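*Asks:* Supplied in structure tokens, the structure appears directly below.
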Amino acid sequence: MKKKSFFNGYNAKLALAVVALSGALLTGCYKDDGLDVNGPAGEITLPEPVYTIAGNVLDAETLKPIAEAAVSGDATATVVNGGFSVDVKDPKSYNLTVKAAGYMDATVAVDVKKVNAGQSAVYTTLVAMQPKYDGKYTLNVVDSELGALAAADWKVTTLAGEAVSSPYEGGQTYLITITKEGYVVKYVTVELPKTRTDVEKVINVTLTKQVIGKVKIYGELSLNGQLYNAKSIKLKNSKGNLLGVDEGYTYNFEVPATEFEVVTRAVSETKTATFTFEIVDQNNVKMSFNKTFTIKVTPDGSIEEGDSEVEAPIEFKVNVEPDDLGVVNAWDDVYVMTVDICNDSDREPLPFTFEYRDYTGAESVVAESDYVNKLYEAGLKSGELYESIVDLMTINEEKFTSTLKEGKQEVPVQKLLKTMKIVHKYAKVVYTLKDITVDGAVVSEFEKAYGAKNTLKEAAKTDFDVTDLYDISHSHGHGHGHGDNQNAGGGMVEAE
């Protein structure tokens, strides 16, 4: 087993002091006092050996001598100016206890070894005493404007909430709760270090005057510029306590001004409060978001005029990103019409009219869509919010599947037109639900629906392809028999 060093637990400075002192005292520990008595017949009788224990008593932290202390145990002595000396008779191990006011008792063992008659030996020891930290604290709480507060205005507890009374022990951390009437409750944490003497400590604070009255908060709910009907509207403070419940297109709450906390201290204090709104829509989906309100309070604690009522409309917005990809040829519907018109004229084009079936207005066909299912997954099945999304994700103009229209074309001179193509074109339009926001903040409750798409084939302008023309000669034109025919023949046929 490793032997524990004598210096273990002491600092380096103390260790060096021990070495220096021990060396000085041990030098010449043994000395010859000479002859003492002449014995009978000329014999020489030496005196008994003399054993001395000498020690120094120091403060273990400051290394300064302790002026007064008492040594007891196997030997007794009085410490004067940090030192003591005591003669002992027998060679053995002596256990000594050193006591001093303001210090913890210290025990040392000194081994006294036997020496020969006529010799003396001095055994040195160094006693480092640990100071006692049993000083207590008394506390005074002083406000920057009110001065010292009465004891009834504050109390002291441990961090665990246990009440404690004066005087207070050092080496502990306490919580001071100040509850002076007319002022906001204030909490102060104070750490009291260990002390060797009693200490009076002043806790300086600045109390905030409690706000008088209530603040009215009101507003209307809108969805993309239209009034929005909520099933319920709840208002909660930062601690989650319910302050009010409302419903419908508007809300109206009155909250205690004490809910507002100081932000800046001046002649008029600025105070803010952040409240949580919880809105349940017609689909029973709950949306939560925060709004921060600011008021100013005069020195007497009253709310400044104009800040007692705060209008705060709540705006819901559905953000849809449309992407028009233009005409997509793969979606074109091509129809062939038999015409068979010959223009023998060599001076003017031959006009003719015809009827065709066409898609008109903003008729659209869904090519690919997942937004309805995603809305359902997010909890949106009906109601104003659902209808608003559907409205934005589709084409809002009047839609017709088809209608009979009259077309006009011309056959160039010296040309024979036997057929023509009618091309119904479509544009590809993609609508993507980006997000739903409240006052600019994204509503996370509907995240499952974000990115939902609706891809539409939107009817575009019809094109007529009359390039199926044949050249004719003058003689051929008269012999063909179609020169004056201005009506399309054959009617409509199936698409190619």
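*Asks:* What number comes out for the charge environment of VAL141, summing +1 per Lys or Arg and -1 per Asp or Glu over other residues with Cβ under 11 Å away?
*Replies:* After counting each charged neighbour, the total is +2.
*Asks:* Rounded, prolate or oblate, given the Cα gyration tensor of the range 141-287, with a/c below 1.5 counting as rounded?
*Replies:* prolate
*Asks:* On a C-alpha basis, how far is the centre of the range 412-466 from the centre of the range 198-235 in Å? Whole number, if you could?
*Replies:* Computed from Cα coordinates, the inter-centre distance equals 49 Å.
*Asks:* Sticking with this one: Seen from all sides and averaged, what is the projected area of the convex hull of the Cα atoms in the range 136-205, in nm²?
*Replies:* The orientation-averaged projected area of the Cα hull of the range 136-205 comes to 4.5 nm².
*Asks:* Here's another thing I want to ask about it. Check cross-link reach from LYS239 to the aspartates and glutamates: straight Cα distance under 16 Å, and skip same-chain residues fewer than eight apart.
*Replies:* GLU259, GLU261, GLU278
*Asks:* Then there is this: Would you kindly give the portion of the calculated P(r) for the range 214-312 that falls above 17 Å, as a percent of all Cα pairs? Numbers along the way, then the final one.
*Replies:* Numbers: 2524 of 4851 pairs.
Within the range 214-312, distances greater than 17 Å cover 52 percent of Cα pairs.
*Asks:* For ASN237, what is the net charge nearby, where nearby means another residue's Cβ is under 14 Å from its Cβ and Lys, Arg count +1, Asp, Glu -1?
*Replies:* +2
*Asks:* Give me the net charge for the shell around LEU96: Cβ to Cβ below 14 angstrom, other residues only, Lys and Arg +1, Asp and Glu -1.
*Replies:* Working: positive: LYS92, LYS99; negative: ASP74, ASP87, ASP105, ASP111.
Cβ neighbours under 14 Å give a net charge of -2.
*Asks:* Which one, THR138, GLY171, THR158, is farthest towards the positive end of the dipole of the range 136-205 when Lys and Arg carry +1 and Asp and Glu -1 on their Cβ?
*Replies:* GLY171
*Asks:* Take the alpha carbon gyration tensor of the range 347-394, find the square roots of its eigenvalues, order them as a ≥ b ≥ c, and report rounded if a/c is under 1.5; if not, report prolate when a/b exceeds b/c, else oblate. Please list the in-between numbers first.
*Replies:* Details: a/c = 5.83, a/b = 4.10, b/c = 1.42.
Because a/c hits 1.5 or more and a/b exceeds b/c, the range 347-394 counts as prolate.
Just so you know, all these numbers are worked out from the coordinates, no wet-lab data involved. Computed from a predicted model, the values in this text were never measured in an experiment. As a convention, Cβ positions derive from the backbone with ideal geometry for all residues, glycine included, and neighbour counts pool all protein chains shown.
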